[in-house]
Amino acid sequence: MPITEHLIELRAHLIKICVAILVVFLGLVGFSRKLYDILSEPLVAQLPANATMIATDITSNFMAPIRLTVFVAAFIAMPYILYQIWSFIAPGLYRKEKRIAIPVLVSSIVLFYAGVSFAYFVVLKGVLKFFITFAPQNVMPMTDIDSYLSFAMKLFMVFGLTFEIPVVTLLLILVGIVSIESLKDKRRYIIVGCFAVAAVVTPPDGVSMLMLAIPMWLLFELGLLLAALLITDQRGSDAAST
């Protein structure tokens, strides 16, 4: 297929993705303030009795819930988004590659949702409690709603992408870029790298760094285990067919 036809097809899939996000957004926009209340609940629960969230910009009261609604719409539409990406690349895959790609696609969706859920229900509360506890006594914590939204969205994206480590590890091994033995030999360096990456991408506190670095390490080990099981199964199937 000529490159122009590929671009036309890509544009069609991108339009479908945008339309899907827009449809979900329109269905949620009436609940945008409620969505922000749910997002801010972990912070409000940690604030002192007389403290509240504030808006330092006149448009923040409107734009912050709308931005959050766009993110939630994309989050809900993620299975459809990945399906469109799959529809675009599937015609270029062999049958064997398709059998592997479908479980990988489903696993990516589940792991991304798991990462965001872990960040909201576990990490966010611990990080906020750490920062508020160490605030000076003569300082009243009153967080701007835009700043809190950016902080939470960054945290969610970091953990959502981090939870894709098993899939990335599995794909790197299956396509032959690395081997299980080489990753096992470099395990100590990878663990140090997990802590280094966590220290860079998380807020400047030890709680969030540990809550990201330890899952990164465990997810890497899970990817190694899945790759070993899959390769063993493939070798057994090849031996049986031979």
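Here are the numbers for the structure shown:
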| read-out | value |
| --- | --- |
| Cα-based convex hull, segment 148-213, per residue volume (Å³, whole number) | 85 |
| Residue of 230, 82, 105 that the Gaussian network model of the chain assigns the largest fluctuation, springs spanning Cα pairs under 10 Å | 230 |
| Top of 58, 191, 145 by mean-square fluctuation, Gaussian network on the chain, Cα under 10 Å | 58 |
| Accessible area in square angstrom per residue, the chain, 1.4 angstrom probe | 60 |
| Nearest-ten-degree value, helix 78-89 long axis tilted from longest Cα axis of the chain | 30 |
| Matching label, Cα extents along the principal axes in Å computed from the structure shown, candidates (1) 75, 46, 27; (2) 69, 62, 39; (3) 41, 39, 37 | (1) |
| Within the accessible area of the chain (1.4 Å probe), percent carbon and sulfur | 70 |
| Where trypsin sites (Lys or Arg not before Pro) fall in DSSP loop in segment 143-227, at most 14 other Cβ within 10 Å | 186 |
| Ratio of the Cα radius of gyration of segment 90-160 to 2.2 N^0.38 Å, where N counts its residues | 1.73 |
| Candidates 229, 210, 14: whichever shows maximal mean-square fluctuation once the chain is modelled as a Gaussian network with Cα springs under 10 Å | 229 |
| 13, 6, ranked by accessible area, largest first (probe 1.4 Å) | 6, 13 |
| The chain - mean residue ellipticity at 222 nm from DSSP helices (-39,500 (n - 2.57) per run, n ≥ 4, rounded to 500) | -26000 deg cm²/dmol |
| Sequence of 158, 70 when ordered by accessible area, the most exposed leading, probe 1.4 angstrom | 70, 158 |
| Heavy atoms of residue 179 accessible to a 1.4 Å probe, total area in Å² rounded to 10 | 50 |
| Viscosity 0.890 mPa s, 25 °C: Kirkwood-radius Stokes-Einstein D of segment 106-223 over Cα pairs, µm²/s | 158 |
| Residue 202 accessible area, 1.4 Å probe, all protein chains in place, Å² to nearest 10 | 10 |
| Given the chain, longest segment not containing exposed loop chymotrypsin sites (Phe, Trp or Tyr not before Pro) (DSSP; at most 16 other Cβ within 10 Å) | 135-242 |
| Acute angle (nearest 10 degrees) that the helix 60-76 long axis makes with the longest principal axis of the chain, alpha-carbon atoms | 20 |
| C-alpha long axis of helix 3-28 to longest principal axis of the chain, angle in ° | 40 |
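The values are calculated or read from the model by the stated rules, or taken from the named source; none is laboratory data. None of these values were measured; they are calculated from a predicted model. Cβ: placed from backbone, ideal geometry, glycine included. Neighbour counts: every protein chain shown. The protein model used for the area step is the full one, side chains on, heavy atoms only, and it has no ligands, DNA or RNA in it. Shrake-Rupley method; radii C 1.70, N 1.55, O 1.52, S 1.80 Å.
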